[in-house]
Amino acid sequence: TKPTRVGNWPRDTRGKMPVCGVPDNLYVGRQYTSVGDLRSMLKEASAAKFDFVVVDLFKRTDTIPSDGKYTLQPSTVSDLALDSKTWSSAVIGTLSDWIQMETPAQQSYGLQALEQELSWASHLGVYGIVLPPPTSHCELYAAALSRIGLSSICTTQLMVRIPLLRQEDGVEVDGWNSWNQLRLLCDQNPRLQVCLEFTADLPETDQELMRWLGEPVRSVIIPSDAFLTNKQGFPVLSKRHKAFLMQLFRNKVQVILQGLPENVKETETEKYLHYVARLFQSRPAPTAQE
């Protein structure tokens, strides 16, 4: 078997970055909560042996303005913050999480935001775009996504973020049901993939988890609060989280570590990275059918 490859991206961006590399290797990215100097961020991530970074492409907006017009506010000053090859091989960008279209006001404003943000992300040429998760009433979101994102207008890889479980109006919602509804409303477009987010609690049965093995899960987000701390003080996953991740490794998923401590010694973040790498190395050999 081929050795696990983590954090070995070429410093010369003329080479192929590992996020575009051999699918038998492990690729782990780090999601940052704030975007400052992107070059310094990439340098830091590379030194810590991460393969790519995940960043918010837009500044956060809390309220809809009185005129109902969305004003694009990129998180980076310019598209020249990085060269085009670095954008396209080492950066996954997330769209605004608040984009929803359940009410008439949200519909108009959200549609403007989705269209402008997808256009800007496509202009940057990022390797992948993470879309906000759908709600239980996602008909308008799906229609807008089909028209704008899944048409020829946007050619970048699209992944919709789906938490395994989430609360909506005080009710626990299974992420697979949300994904299935969105997927069907988008006519099962093969361009739409899943960025699956681990949650501290998992669906009750393993059968519910196994449904994901037949879905186009491209990436897996593992938040730091999904980890436990063992007796030696190292981060580990619960038995069910670990078993599920091992299954997902068979589908060549990339891993995104979220919420890692910032402005701390590199060894603190390395603990999480090394744990995921050890799991990947210990996975069973693929069967003849695989």
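For the chain, what is the Kirkwood estimate of the hydrodynamic radius, computed as the reciprocal of the mean inverse distance between distinct Cα atoms, to one decimal in Å?
When all Cα pairs of the chain are included, the Kirkwood radius is 19.8 Å.
Rounded to the nearest 20 Debye, what is the dipole magnitude of the chain about its Cα centre when Lys and Arg each give +1 and Asp and Glu each give -1 at the C-beta?
For this selection, approximately 1320 debye.
Once label points are set 7 Å from the Cα along Cα→Cβ at both N25 and N177, what is their separation, rounded to one decimal in nm?
Reported label-point gap for N25 and N177 is 4.1 nm.
Would you calculate a helix-derived [θ] at 222 nm for the chain, using -39,500 (n - 2.57) for each DSSP H run of n ≥ 4 and dividing by the full residue count, to the nearest 500?
Mean residue ellipticity, 222 nm, calculated: -9000 deg cm²/dmol.
Report the gain in length on full extension from E102 to R283: 0.36 nm times residue separation, minus Cα-Cα distance, nm rounded to one decimal.
Stretched out fully, the E102 to R283 stretch lengthens by 60.9 nm.
Hey, any idea what % of the range 130-255's accessible area is carbon plus sulfur with a 1.4 Å probe?
Reported share for carbon and sulfur atoms: 50 percent.
With a 1.4 Å probe and every protein chain left in place, work out the accessible area per residue of the chain in Å², rounded to a whole number.
On a per-residue basis, 49 Å².
Taking θ as phi - 60°, what are the ³J(HN,Hα) couplings along the range 121-137 by the Karplus curve (6.51, -1.76, 1.60), each to the nearest whole Hz, with x for Gly and Pro?
With the stated coefficients, the range 121-137 comes to 4, 5, 4, 5, x, 4, 5, x, 10, 9, 8, x, x, x, 8, 5, 10 Hz.
Students often get this wrong: which residues of the range 111-154 have the backbone nitrogen under 18 Å from the point 7 angstrom along Cα-to-C-beta of L80?
123-125
With the radius of gyration and the Kirkwood radius both derived from the Cα set of the range 144-290, what is their ratio Rg to Rh?
0.99
Give me the percent relative contact order of the chain, please, defined on Cα pairs under 8 angstrom at least 6 residues apart.
16
Normalising by the residue count of the range 194-258, find the relative contact order in percent from Cα pairs under 8 Å and 6+ residues apart.
40
How large a share of the accessible area of the range 25-108, in percent, is made up of carbon and sulfur atoms when the probe is 1.4 Å and the other protein chains stay in place?
So the carbon and sulfur contribution to the accessible surface is 52 percent.
How compact and how long is the range 195-270, expressed as Rg and Dmax of its alpha-carbon atoms in Å?
13.3, 40
From the square roots a ≥ b ≥ c of the eigenvalues of the alpha-carbon gyration tensor of the range 95-137, which class results: rounded (a/c under 1.5), prolate (a/b over b/c), or oblate?
Oblate is the answer for the range 95-137, as a/c is 1.5 or above yet b/c matches or exceeds a/b.
The values are calculated or read from the model by the stated rules, or taken from the named source; none is laboratory data. What you are looking at is a predicted structure, and each value in this text was computed from that prediction instead of being measured. For neighbour counting, all protein chains shown are included, and Cβ atoms are generated from backbone atoms with ideal geometry for every residue, glycine included. With ligands, DNA and RNA removed, areas are computed over all heavy atoms of the protein, side chains included. Shrake-Rupley method; radii C 1.70, N 1.55, O 1.52, S 1.80 Å.
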